[in-house]
Each structure stands twice: as C-alpha cells, then as structure tokens.
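K.L.:
Can you keep this structure in mind? I'll have questions shortly.
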Amino acid sequence: MSKKGSWTKEETLIYGLTALFVAVALLWYGLQERRWWAILIVVVLVLGIIAASAYFFFVMKKKITRKEHKVAKMSDIDKMNGVEFEDYLSVLFTKMGYKVNNTPHTDQGADLLIKKNEKKVAVQAKRYSTPVGNAAVQEVVAAQRYYKADEAWVVTNFERFTVKAIALAKKSDVKLIDRDTLARWNNRYL
C-alpha cells in the first residue's frame, strides 16, 4: 500500500482481478455441480445487467444530452474562447436540424460547414468584444468557394459589424448573424 489505508491503481487492479478470478472460478464450479446458489447468482447478474443497461439508455442518456445542450446565456457566450464558441455553435446548429462538420484548424476561412436539405453553408464564427470587420467576410467568401458551399455566414456574439463588412457582405451575398439573431436562436433551440 502506498499511503496509509489506500491502494495504488496497480494494487487495486491486481486485487480486483484476483477477486474476479476467484468469483468466476467459484461460479463455474457451482454451475458445473448445478448448485442453486450459482444459478441464482447468474440470474441476478443477468437481471442486473439488463437493469443497468435500461437505466443508462433511458435515464442517464437524457441527463447527458441535457447537460450537453445546456442553455447558455449571452453573458456565458461572451466569456467563451474561440474554440468553445465554435463548439457552442455546433450544438446550436445541430439542434436547428443541421448536420455539422468542424473544419480542420487550417480552415480556409470557415470554422464550420453545416448542411440541411442539401444546402451547404460555410460558417465563420467570431466570438468578439468589438465590431466584426471586413476580414471575416473575406475569409468566409473564400471558404464558400473552397468548400463549394451554397451559402456563407459570419456568426458573432457582438452587436454589430463594421460598415465595410456590411457593404462587402451585401455585394458577396454573405449572411451576417449578429448578437440579436444569435440570442433568438439560442432561446428558441437550446
């Protein structure tokens, strides 16, 4: 024992495997001799496995799903880093019915590719505390061409885009999604 009263992981594994081996050997012996206690143990084990499986699939799965899709407040979103914001958007778009693919770190201007009804959208995610500028629109326009997407979106948690970004987005047919739209989607789908 490493500390007084506690076992190391290795000791726990060794003792656990030894106990399991002894239990299996005794159970095997009991089943070979058709002992009532061995049959009872097998029945209890099978019922336990069925009950644990049912509990996991019907109870725990819902808890895990609820935790994964926990509603984020806009103040929580403002504290996220870029990767967390992309993960949040992945969950949001999935709840909105899109199939979501994250792009590699060398993303060619899109953080996410989302698809619904055969329409592919290149999404540039910008978790900012200042207005989103022209570069974000330029990046997503390039990504739209690179990934052969039908649409291009820039999604931000900030209230607005710069005047130049808005002008380029209009000319390039890029959809700009600001804080208000993001908050509405968040409230509706999460």
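K.L.:
What's the extension gain from residue 167 to residue 188 if we count 0.36 nm per residue and subtract their Cα-Cα distance?
P.N.:
Values: separation 21, 0.36 × 21 = 7.56 nm, distance 2.91 nm.
Between residue 167 and residue 188, full extension yields 4.6 nm more.
K.L.:
Helix-derived [θ] at 222 nm for the chain: sum -39500 (n - 2.57) over DSSP H runs of at least 4, divide by residue count, nearest 500? Could the numbers behind the result be given before it?
P.N.:
Numbers: 8 runs with 105 residues, N = 190.
When only DSSP H runs of four or more count, the value is -17500 deg cm²/dmol.
K.L.:
Let me ask something else. For segment 173-183, in order, what is each residue's ³J(HN,Hα) by Karplus, 6.51 cos²θ - 1.76 cosθ + 1.60 with θ = phi - 60°, in whole Hz (x at glycine and Pro)?
P.N.:
6, 9, 8, 9, 10, 9, 4, 4, 5, 4, 5
K.L.:
In the structure shown, do any of 115/148; 115/164; 126/164; 116/175; 99/148; 120/164 have a Cα-Cα gap over 19 Å, and if so which?
P.N.:
Values: 115/148 12 Å; 115/164 28 Å; 126/164 16 Å; 116/175 16 Å; 99/148 16 Å; 120/164 26 Å.
Distance filter (> 19 Å) returns 115/164; 120/164.
K.L.:
How fast does segment 74-189 diffuse by Stokes-Einstein, in µm²/s, taking the Kirkwood radius from C-alpha pairs at 10 °C and 1.306 mPa s? Working shown, then result.
P.N.:
Working: Rh = 13.9 Å.
The calculation lands on 114 µm²/s.
K.L.:
Could you calculate the contour length gain from residue 40 to residue 135, that is, 0.36 nm times the residue separation minus the distance between their Cα atoms, to one decimal place in nm?
P.N.:
Values: separation 95, 0.36 × 95 = 34.20 nm, distance 6.97 nm.
Going from the current span to full extension adds 27.2 nm.
K.L.:
So, one more: Counting only C-alpha contacts under 8 Å and six or more residues apart, can you give the relative contact order of the chain as a whole percent?
P.N.:
On the way: 241 pairs, mean separation 28.2, N = 190.
Across the chain, relative contact order equals 15 percent.
K.L.:
With 10 angstrom as the radius, rank 35, 127, 179, 188 by how many other C-beta atoms surround their C-beta, starting from the fewest. Write down the numbers at each step before the final one.
P.N.:
Numbers: 35 14, 127 20, 179 17, 188 10.
Ranking 35, 127, 179, 188 by Cβ neighbours within 10 Å, fewest first, gives 188, 35, 179, 127.
K.L.:
Something else now. Starting from the Cα of residue 79, draw a straight line to each of the aspartates and glutamates and keep only those under 16 Å, dropping any in the same chain fewer than 8 residues away.
P.N.:
Answer for residue 79, where 16 Å is the Cα cut-off: 87, 159, listed by chain and number.
K.L.:
Moving on to the next point. Please check: in the Gaussian network model of the chain (C-alpha springs, under 10 Å), which one of 102, 81, 117 has the largest mean-square fluctuation.
P.N.:
Of 102, 81, 117, the Gaussian network model singles out 117 as fluctuating most.
Any read-out appearing in this document is the output of simple, stated calculations on the displayed coordinates, not a laboratory observation. It should be emphasised that the depicted structure is a prediction, and the values quoted were computed from it without experimental measurement. Heads up, the Cβs are rebuilt from the backbone with ideal geometry, glycines too, and the neighbour counts pull from every protein chain shown.
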